[in-house]
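Okay, structure first, notes after.
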Amino acid sequence: MSDRLVLLGSKGGPALRPGGPWPSSSLLELGGRTIVVDCGLGVTRGLVDAGISLKALDLVFITHLHSDHILELGPLIHTAWTAGLTTPTTVFGPRGTQDYWRHFCQAMEFDIEIRIVDEGRPDIRELVSIKEFGEGAILEEEGLTVTALRVDHPPVTDCFALRFEHGGRSVVFSADTAFFPPLAEFARGADILVHEAMLKDGVERLVARTGNGARLREHLFASHSLAEDAGRIASDAGVRRLVLNHLIPADDPAFGEADWVAAVRKTWPGDLTIARDGLVVQLSGAKAARGEETA
């Protein structure tokens, strides 16, 4: 299996609009491990469309507890279980992830209990391990290391960038964050930096068409990064490829890929990918297939 990143859901925020992209989730296949990063709505379908057997669900990482990053965590694991998952799955998440999982299992107790009896399935509650983490090293296993950095996403305090490393390759996810200079050192020399991004003019249009415009505008500019900021972090970190993801706005027809490129080129001259649902970025250095890019 070649190492690759698949951007399953590329939009920022939990809302869905006709024909638009899905919220945050990514697949990272690295060192023979199947890793899911964030579980916004649509992650299960995205994994299946990426050719992943849900029975192979292995490691899941949640960057923070906003709904566009965790809403489908329980349904993903439950669906994998009904698809035949019998091997242990570990979920790493910030403080509160254990409560989410416990309440999900309580909500689904009737279905879980009856499938154990009627279909002979293992107890899903015994298959899944939840490990809550803070800053620092959170996993070292079979050559895979994962480290976390607390980023700036007010009012959420437990929001973490993640760095995955195996066999000399490294992929960093910024999570949701305002411009945060320490992230550059955390991402130093990474093959891929997946960084959230906003377009200033796009935010103004988004705010203008929503009912809670003033409060939303305040939140977005206090808690998220403009595309130029993402480019600045990538340049300071010396990464090989920058992937703009968690796009705001992601579903406004007035803005397209050229607008994102123009914004980020002010600060980042290197290899660039603008996320869209289902896009594959290969880490193997092999020739990219159609719809794929290499890092």
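Among the residues of segment 252-295, those that are over 19 Å from Glu196 (Cβ atoms), modelled with pLDDT under 85 and within 20 Å of the chain's Cα centre (by Cα) comprise Gly291, Glu292, Thr294. Does Glu135 satisfy being in contact with a Leu (Cβ under 7 Å, 6 or more places away or on another chain) and within 21 Å of Ile62 (Cβ to Cβ)? Yes; evaluated as a whole, the condition is true for this residue. Among the candidates Pro75, Pro14, the residue that is surrounded by fewer than 18 Cβ atoms within 10 Å (Cβ to Cβ) and either assigned to a helix (DSSP H, G or I) or among the basic types (Lys, Arg) (or both) is uniquely Pro75. For segment 86-122, the set of residues classified as among the aromatic types (Phe, Trp, Tyr) and touching a strand residue (DSSP E or B) at 6+ places or on another chain (Cβ under 6 Å) consists of Phe92, Trp101, listed by residue number. Filtering Ala184, Ala161, Ala137, Ala148 for residues that are among the hydrophobic types (A, V, I, L, M, F, W, C) and touching a residue at least 60 places away in the same chain (Cβ under 8 Å) leaves a single hit, Ala161. Within segment 46-90, being at negative phi and without any contact (Cβ under 8 Å) to a residue 12 or more places away in the chain holds for one residue alone: Val48. Kindly indicate which of Asp158, Asp111 is charged (D, E, K, R), crowded, with 17+ Cβ neighbours inside 10 Å, outside any strand (DSSP E or B) and at pLDDT 95 or above. Selected residue: Asp158, the only one of Asp158, Asp111 that is charged (D, E, K, R), crowded, with 17+ Cβ neighbours inside 10 Å, outside any strand (DSSP E or B) and at pLDDT 95 or above. Residues in segment 196-227 that are assigned to a helix (DSSP H, G or I) and among the β-branched types (Val, Ile, Thr) were compared, and the one that is nearest to Asp38 (Cα to Cα) is Val203. A residue that is more than 20 Å from the chain's Cα centre (by Cα), surrounded by 17 or more Cβ atoms within 10 Å (Cβ to Cβ) and touching a residue at least 40 places away in the same chain (Cβ under 8 Å) occurs nowhere in segment 210-229. Please work out if Thr97 is more than 16 Å from the chain's Cα centre (by Cα) and either among the polar types (S, T, N, Q) or modelled with pLDDT of 95 or more (or both). No.
Quick one: which of Ser25, Ser10, Ser2 is among the polar types (S, T, N, Q) and more than 17 Å from Leu244 (Cβ to Cβ)? Walk me through it before giving the result.
Numbers: Ser25 fails: more than 17 Å from Leu244 (Cβ to Cβ); Ser10 fails: more than 17 Å from Leu244 (Cβ to Cβ).
Ser2 is the lone residue from the list that is among the polar types (S, T, N, Q) and more than 17 Å from Leu244 (Cβ to Cβ).
Consider segment 114-155 and keep the residues that are more than 21 Å from His64 (Cα to Cα) and crowded, with 16+ Cβ neighbours inside 10 Å. The one that is nearest to the chain's Cα centre (by Cα) is Leu144.
For residues in segment 92-108 being closer than 20 Å to Val156 by Cα and among the hydrophobic types (A, V, I, L, M, F, W, C), which is surrounded by the fewest Cβ atoms within 10 Å (Cβ to Cβ)? So the residue we want is Trp101.
When only residues in segment 236-259 that are touching a Pro at 6+ places or on another chain (Cβ under 8 Å) and either free of Cβ contacts under 8 Å to residues at least 60 places away in the same chain or of a type in the set (D, E, K, R) (or both) count, which is nearest to Val43 (Cα to Cα)? In this case the residue turns out to be Asp251.
For segment 163-177, the set of residues classified as over 16 Å from the mean Cα position of the chain (by Cα) and under 14 Å from His153 (Cα atoms) is empty.
The values are calculated or read from the model by the stated rules, or taken from the named source; none is laboratory data. Remember, predicted model here, so these are calculated numbers, not experimental data. Please note: Cβ atoms are built from the backbone with ideal geometry, for glycine as well, and neighbour counts cover all protein chains shown.
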